[in-house]
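Notes for the one structure printed next.
Each value in this text was obtained by applying a stated rule to the coordinates, not by laboratory testing. Keep in mind that what you see is a predicted model, and the values were worked out from it rather than measured. Glycine gets a Cβ as well: all are built from the backbone with ideal geometry, and neighbour counts include every protein chain shown.
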Amino acid sequence: MPHGFEPQRRLRIFAFDPWTAIRPGNRNIREVTISIPSEQDPIDRSSPCLGPSGAYLEVVDFDPTTGQFYQPLDLNSPEVLFNDGLTPAADDPRFHQQMVYAVAMETISNFERALGRYVLWSPRAPDRSGTDRHGYVGKLRIYPHALREANAYYDPAKKALLFGYFTLDAQSRSAPPGTVMFTCLSQDIIVHEMCHAILDGIHPHFIEPSNPDMLALHEAFSDIVAIFQRFSHPEVLEDQIARTGGDLERQNLLGALAQEFGQGLGRSGALRDAIGGYQDGEWRPHVPDNTALSRARGPHARGAILVAAVFRAFLDIYRHRVADLFRIASGGSGVLRQGSLDPDLVTRLAEEAATSARHMLNICIRAMDYVPPVNVSFGDYLRAIITADHDLHPEDSLGYRAAILEAFAAWGIVPEGMPVLSEQSLTWPYFEEAALNNDVTEDQLRGDISVLVTRPDKLLERLRSQDPKGDGDLIRSLEADNAALVTSLNEALRERIMATGNAARAEEMITAEGLLGQNLLELEFTAPREVIHHARKFHARLFWGILVKQPSALLQTIGICLDTAAPRTVARSPTNDLPDMEVRSVRVASRQGTRGHFEREYVVELVQSRDGYLNREVQKLADQGQAAEALALWNKQSPFFQRETLTRDFFYRTGCTLLIDTRSFRIRRVIRTPYRIDEDAGLERVRAQYSDQRRAPSNAFDAPGADPITNFAALHRHVDHGQSHAGGW
């Protein structure tokens, strides 16, 4: 399993934004030292690099505004190795590199511990030849000084994080005007952008604003991780608990994000705060409002409500865990005497807060395996959180799920059309529950999955023998994937053998036949990440091959339409005229339960796509296959912008996530979108969403049908809360 007992490297970072940290009351928590697995550190110093570079990340410190490269930081130099890194300094570009690398690696480690598998970046798009041999992305690039503006964002096309810097003006309420502020020195901003990149690797369709919650979920999830990751720093936690008397509902730095950035743009406080905010110049705690979501517009405004709900649940859990400590310390009254808290009490309160935060962080991350692969709402995410925790901790002895349910309901975040809210109603259905109305079993599919996992060579042989019309393309794709898998695995094996000095063994390479006689998904915890990338792709194609042969009743149960009568706007398979189905991912999830046991399952994501048009008459003609007539109607109604070919206005996507037991190969849970790809009711909801976006002011949702990969830059240069911000993020 990733990150078990590897040697650790320690690096120093700013605990809070630099000007926040140097204030008199914060100097004791100016910096913290964090540990990252040393096996991910740069080890090949034979070629020049432009900053810290490891298995996951590559820091390139080039400043396009000045046209210069800054001196690279060598993490293996004695100056760094023996001093837990460079001393935090806002004016040292080498420390800027250390800061982004250390915080980014800590974020990756937290995700891998929660998910029980390696983090992979979203693959590159196929090249012009239609192949994706360059699809694997080994390293995410980080540019600490990429922009001369108040912004920072993840760029899916470049597979990079770009951080900006800017000069404060007279509006600044933090550092003096004229001071240069670097977003790469904000721990919150680094974690936030890393989460965008990691989430894009898990769910690439989440950057499509198909409902009001999609981009808001991206933003809120990134803020949630940034907040709870801060609770892993004991010295910071103890300091804030001592200041608040153990009452984390009072104003403190733990729930406030990007303090310096927000104040540098002229705000009274942090850019976003999960606990409270300033009203008429006075800080006040957030009061839950179950109607707030109906009024919120824009991803940041809606996302802030989800963050507030999650943090409210955390506070309830924390209060429950420390109630006995307050009773003991107060002689039974629960009310502490005036004055400073006893240091031992502070330590114990901090331990309980850290434990609660760690559990909440793991729940929120694991929930991303329990959502549909497309078109997810906040209500779906609530169901995912409840189900993920229920499956791992059925007893809920500390009341985590009860607190989460109460907090979400208080903020009006509930699944649509669910009249009764309970843990039982919120958990996603087991396969048997989903299949009740279709009178179908999964026996055939279970047997096929067993063969797919344990003996992929047998399944490949069966597909070759069947070779129905058009399936030759599938076989060729499988063989190409297999060749890539063998090549990447042998390259890794050769490196390991050569490292032992036994050059003779370097010829003992793996053959395709030998590789396919084993469970390739078990490579998840032992092979390099590139091998995992190819293994997942290979299994995804195999899963497609067995799923298209399943009975229609089973496909209907999981929300997949392979009916030839489906609208012509539904994407078709290149191998036949059936509706296409993308097996987005086949991956392993491994999680440790309350009693120390490990639960493992396969997570399979299925997605179908359909071209959507804002004009219903154009949609009707296109659905019937009358493309020429649909184009003529579109041009007639848009005389100032003529099209030569019929082009969709937006994507309508539906899909399903299947959770499959690794021992029995049975489908445990079915997590699907409420509509299938051929159901116009679902299409109409997405059309209404894009129509609203077209009428809204220009922002991150601009232009229905626009390439979504540009959204993050615009999303962090936003118009939200009814006021224009002179900056981004």
Query - Spin-label pair Val287/Asp680, simplified geometry with 7 Å Cα→Cβ offset, distance in nm - result: 4.7
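For the residues Thr387, Thr575, what sequence is obtained by ranking on other C-beta atoms within 10 Å, fewest first?
Thr575, Thr387
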Query raised in the report: Long-range amide H contacts for Asp169: which residues qualify at under 5 Å (H placed 1.01 Å from N, peptide plane, sequence gap of 5 or more or a different chain)?
Result: Gly178
Query raised in the report: With Cβ to Cβ distances under 11 Å as the rule, what net charge do the other residues near Leu421 carry (K, R +1; D, E -1)?
Result: -1
Report summary line: Listed by chain and number, the aspartates and glutamates with an alpha carbon less than 15 angstrom from that of Lys159, same-chain partners under 8 positions apart left out, are Glu58, Glu193, Asp200
Report summary line: In the range 560-659, the GluC sites (Glu not before Pro) that sit in a DSSP loop and have at most 15 other Cβ atoms within 10 Å of their own Cβ are Glu644
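Determine the shape class of the range 135-259: with a ≥ b ≥ c the square roots of the Cα gyration tensor eigenvalues, call it rounded for a/c under 1.5, and otherwise prolate if a/b is greater than b/c, oblate otherwise. Kindly include the intermediate steps, with their values, before the conclusion.
Numbers: a/c = 1.94, a/b = 1.28, b/c = 1.52.
It is oblate, given that a/c is not under 1.5 and a/b is not larger than b/c.
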Requested in this report: Show which lysines lie in cross-link reach of Lys620 when reach means a straight Cα distance below 24 angstrom and same-chain residues fewer than eight apart are skipped.
Outcome: Lys636
Query raised in the report: Given a Förster distance of 51 angstrom, what is the FRET efficiency for Asn76 paired with Gln637, based on the Cβ-Cβ distance and rounded to 0.05?
Result: 0.20
Query - Residues of type lysines that Lys458 reaches as a straight line, Cα spacing below 25 Å, ignoring anything fewer than 8 places off in the same chain - result: Lys469, Lys537, Lys549
Requested in this report: Enumerate the calculated ³J(HN,Hα) couplings along the range 58-74 in order (Karplus 6.51 cos²θ - 1.76 cosθ + 1.60, θ = phi - 60°), each rounded to whole Hz, writing x wherever the residue is Gly or Pro.
Outcome: 9, 8, 10, 9, 10, 10, x, 6, 10, x, 10, 9, 7, 4, x, 8, 9
**Report entry** Gyration tensor verdict on the range 8-426 (Cα atoms; rounded if a/c is under 1.5, prolate if a/b is larger than b/c, oblate otherwise)
**Finding:** oblate
